[in-house]
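The values are calculated or read from the model by the stated rules, or taken from the named source; none is laboratory data. What you see is a predicted model, and the numbers here were worked out from it, not measured in a lab. Cβ placement follows ideal geometry from the backbone for every residue including glycine, while neighbour counts extend to all protein chains displayed. Just the protein is used for accessible areas: all its heavy atoms, side chains included, with ligands, DNA and RNA removed. Shrake-Rupley method; radii C 1.70, N 1.55, O 1.52, S 1.80 Å.
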Amino acid sequence: MCFGGNSSRSIIATAVFCFVAASASAQPPVEYKVSFPAPEHHYAEVEVTWPDVATATLEARMSRSSPGRYAIHEFAKNVFDVHAFDGRGKELKPSRPSAYQWDVTGHDGAVRIIYKVFGNHVDGTYLAVDESHAHMNMPATLMWARGFDMRPARITFQPAQNSRWRPATQLYPTSDPWTFTAPNLQYLMDSPTELSDYTLRSFTVKNPDGQEFTIQTAVHHDGDPSVITEYAAAAEKIVNEAARVFGEFPVFENGTYTFLGDYLPWGGGDGMEHRNSTVVAQATSFRNPQAVRGTFDTLSHEFFHCWNVERIRPKTLEPFNFEGANISGELWLAEGFTQYYGPLILTRAALLPPDPPDLVQSAVTVINNPARQFRSAVEMSQMAPFSDAAVSIDENNLRTTFISYYTYGAAIAAALDLSLRDRSNGKITLDDYMRAMWMVHGKPGGPSPAIIAKPYTLKDARDRLAEVSGDRTFADDFFDKYIEGRELPNYEKLFARVGLVLRKRNAGAPWVGLMDQAVGGGRSRRARPSGNPTAADVGVHVSGLVNWGTPAFQAGIEEGDIITSADGRAIATIDDWQAAVRVHKPGDSMPVEFNRHGTIVKATMHIGEDPTVEVVMLESTGKPLSPDQKMMRDQWLMSKKR
Ligand SMILES: [Zn+2]
């Protein structure tokens, strides 16, 4: 169905949308049948039929990536027992031009592929089948074919025998409760589906124009169904508070948005955003009703994404590429700003006690992390394919050269929110910026659901800031220095305006960069062929890469070294090591010895002052909040309810 608007402009847009939707549905859909003959063995059986195949070769693929997860995942590895047929049922032998593709030639205009796919991993990316549920993320489950991107799909699920499963999904319903449709491939792949005996709750929300939507929570869990009452009540507070940031809810297709919850002791933890739904999972038991409260932050984060990413989408992610890793320089905004808003919305909705230092903790993490010297926020974002649940066998140095774009982006969001508030005495905020991004890039919609008409570029994001702040120089400066550059905003000044103090955690304390990180094990007893440690193996084992620029780094110490002596005295335990550093003052030199690959190396460490910072409430330092600080802080944390 099509949703109308009020202005003449949106009526034209709606008419275009209906025309496109109608012409697309004139093509026969790709048909899927998904069944679970033996769920205890963790596989689904999938039958997919492509009608009207116009090319001599049908190129069937399994995805290599999944919406919202940026690393390569190689879902093809779990596909087995593949058979291909033509429209009359004659078996054809597919060829394999790549590890992810099955080419079918010699068909009669229709191709049917039947396969099994294994999955036993509950999260927002993979497939999980067991007797309690079929938890399907479509890229991990369904083959698709090149050239059919705009073809609608029709998918019928057959539940496991004797199960009490029911379907929950953002796919479009039909008159058959087990059959759904999707208008195009992007929407199909974006539609996780849960078949289980879940607990369903729903409530209605309303936009300023009077349009209503149903928000539902379909939660698969092991607790008493009554615990979901608190869960759904929290979801209602969260979604309404989030909508106040943007001024309205997006128009959810089919009028519904669904939280697909999986809270099982044998499950996994994750949250993954989609257009009209989200997968929210945690390895927990709702037999303990307290556990319910531990899930709210993920609900808040993921729901914010139904604007930010799902509709306000960077051009680098549009359309989503299922054939490779997706690289985006804008994840500091797409993920990081969402990360900032998650707890802020919980605070405004009174689901979290106000904790201003916690809301800016990401900034403290970035300040304390020397990795920021190597990559800007844009460049950190571009590392997502190597960090977002990426698997690698070889060593990498991400620990010392990478800061998550979640953390980095949340730090930038805090700086931008507090900067806008500071400049305007609280009149202009980050909410105004998000709303501007929504009006220009999200709200206009697209030619078909999950196809975005006006995705934004880095320049667009910069231009919206110039408009919202009314100051092009401020916007250029902020982007040049803190987003595309590697400089830090003046957090000390920004924090002060809301009564927060940024200060050294251990002012004047001696520091070598190896006190509480990268050192482990105490007494190191590496296995020798004889099984007994030798004297040279006793010491403090440096168990992680050493941070750049630290005194330890400059002394040439690295992961794997065993520190055996300091100031001429033997070091056997971490306590020995910390005591050896503590007797010094910043500026001192300390001779050290370490064992590298069986050889003793002598070096000198130049003791520095601990540069670690922390943020605390002004009140905790014994000073009172000024009326201005109190007003600025209250405005920041207050519900936007009018
Ligand atoms: Zn996210």
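Tabulated data
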{"read-out": "Residues of the range 618-642 classified as assigned to a loop (DSSP other than H, G, I, E, B) and closer than 20 Å to Pro353 by Cβ, total", "value": "5"}
{"read-out": "Conditions (1) assigned to a loop (DSSP other than H, G, I, E, B); (2) in contact (Cβ under 8 Å) with a residue 60 or more places away in the chain; number of the one not met by Gln186", "value": "(1)"}
{"read-out": "Selection count, the range 403-422, where residues are under 21 Å from Glu484 (Cα atoms) and open to solvent by 30 Å² or more (accessible area, probe 1.4 Å)", "value": "3"}
{"read-out": "Single condition Val46 does not satisfy, out of (1) open to solvent by less than 10 Å² (accessible area, probe 1.4 Å); (2) part of a loop (DSSP other than H, G, I, E, B)", "value": "(2)"}
{"read-out": "Residue match in the range 127-136 (condition: open to solvent by less than 10 Å² (accessible area, probe 1.4 Å), over 28 Å from Pro385 (Cβ atoms) and modelled with pLDDT of 95 or more)", "value": "yes"}
{"read-out": "Qualifying positions in the range 552-570 - touching a Phe, Trp or Tyr at 6+ places or on another chain (Cβ under 9 Å) and open to solvent by less than 10 Å² (accessible area, probe 1.4 Å)", "value": "Ile557, Asp561, Ile562, Ile563, Ala566"}
{"read-out": "Meets criteria (among the β-branched types (Val, Ile, Thr), open to solvent by 40 Å² or more (accessible area, probe 1.4 Å) and more than 16 Å from the ligand (Cβ to nearest atom)) for Ile367", "value": "no"}
{"read-out": "Within the range 423-450, considering residues that are out of contact with any Gly (no Cβ under 9 Å at 6 or more places or on another chain) and β-branched (Val, Ile, Thr), the one surrounded by the most Cβ atoms within 10 Å (Cβ to Cβ)", "value": "Thr429"}
